[in-house]
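The values are calculated or read from the model by the stated rules, or taken from the named source; none is laboratory data. Note that the structure is a prediction, hence the values are computed from the model and not measured. Methodologically, a virtual Cβ is constructed for each residue, glycine included, from the backbone with ideal geometry; neighbour enumeration extends over all protein chains shown. To get the accessible areas, we keep the full protein, side chains included, count just its heavy atoms, and leave off ligands, DNA and RNA. Shrake-Rupley method; radii C 1.70, N 1.55, O 1.52, S 1.80 Å.
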Amino acid sequence: MRIVLVSDIHSNAVALDAVLAAAPQYDQLWCIGDTIGYGPQPNLCLARMSTLATHALTGNHDLACLGLVSLAQFNPVARTANQWNNEQLEPEMREWLQARPARQDLPDVTLAHASPRDPIWEYILDVETADANLDHFTAPLCIVGHSHVPLIFAHHAEGNEEFRHVESGQSVQLKPTTRYIFNPGSVGQPRDNDPRAAYAVWDTESNTLRLNRVPYDISATQKMIRDAKLPAVLADRLAVGR
Ligand code: ZN
């Protein structure tokens, strides 16, 4: 089975549509959360995920936009954007998003927006945090989002560990005796100094994860951000990918 992995779309439907157009034919699409927040097109992104995704999680920004976690936990820029996203939500889209879990345990893989230990808030950005999370899921693979950085952590049976950034076009061959935590990066607001939209493909037959980057019309999303009077920094950062 070929599974497309998307995360942290953040109301950027221009980036999402570029990913969907570039992605190979797939059997399933999974969304690792934060479909909305920050950007200018929440309903369109939710409409796409509610029809395309077999599994879709909620994230910290999704919950904030729904009013389910306090906006006080976010910086002023994110708070303003999340409040604006909240005001745009169509009732059916709100209802669909409210029903999403922040973590989902499937037979061979755990999905968690942030981390398996704390699916809403914890950032996995170093080997220590990744290692500490191994006790919080049992599957060979855990897929996370949240940091907006494509990363893979590997804990080999011999006990050695690797933690590294994954570049565009790189494939990772998963070994049966190794446990992994993988982040496919962010579709709508990358933060690894590469402004292209990120997504991944998991081929469960060959058991490989491949990271892909897709250029999109950044200026189109920037214009919508400015037209909506959202904080300018949200438009500016898309051009630099951080
Ligand atoms: Zn996010």
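Summing -39500 (n - 2.57) over the DSSP H runs of n ≥ 4 in the chain and dividing by its residue number, what mean residue ellipticity at 222 nm do you reach, to the nearest 500 deg cm²/dmol? Working shown, then result.
Working: 8 runs with 74 residues, N = 242.
It lands at -8500 deg cm²/dmol.
Taken along its three principal axes, the alpha carbon spread of the range 2-239 comes to 54, 34, 30 Å, from the longest extent down to the shortest.
Computed in the context of the full set of protein chains, the accessible area of the chain at 1.4 Å probe radius has 50% of its extent on carbon or sulfur. Under a Gaussian network description of the chain, with springs only between Cα atoms under 10 Å, the residue in 103, 213, 94 that fluctuates furthest is 94. Only Cα pairs under 8 Å and 6+ residues apart enter the sum, and on that basis the relative contact order of the chain stands at 23 percent.
Working from label points 7 Å from Cα in the Cα-to-Cβ sense, the residue 167 to residue 70 distance is 4.5 nm.
Going toward the positive end of the dipole of the chain, with +1 on Lys and Arg Cβ and -1 on Asp and Glu Cβ, which of 163, 38, 73 do you reach last? Final value for the positive-end residue is 38. Pairs of Cα atoms nearer than 8 Å and 6+ residues apart set the relative contact order; for the range 110-182 it is 32 percent. When the Gaussian network model of the chain links Cα atoms closer than 10 Å, the mean-square fluctuations of 184, 24, 40 top out at 24.
Computed over the chain with a Gaussian network model linking Cα atoms closer than 10 Å, the most mobile of 169, 188, 59 is 169. The dipole here belongs to the chain: it is taken about the Cα centre, uses +1 on the Cβ of Lys and Arg and -1 on the Cβ of Asp and Glu, and is about 600 debye. Taking Lys and Arg as +1 and Asp and Glu as -1, the other residues whose beta-carbon sits under 10 Å from that of residue 38 total -1.
Secondary structure note: in the range 2-239, about 70% of the DSSP beta bridges are antiparallel. In this structure residue 96 has an accessible area near 40 Å², from a 1.4 Å probe over the protein heavy atoms.
Rounded to whole numbers, the Karplus 3J(HN,Hα) couplings from phi for the range 199-216 are 7, 9, 10, 9, 9, 6, 6, 7, 6, 10, 10, 10, 9, 10, 10, 10, x, 9 Hz, using 6.51 cos²θ - 1.76 cosθ + 1.60 with θ = phi - 60°, and x at Gly and Pro. A simple spin-label model places the labels of residue 129 and residue 208 3.0 nm from each other, with each point 7 Å out along Cα-to-Cβ.
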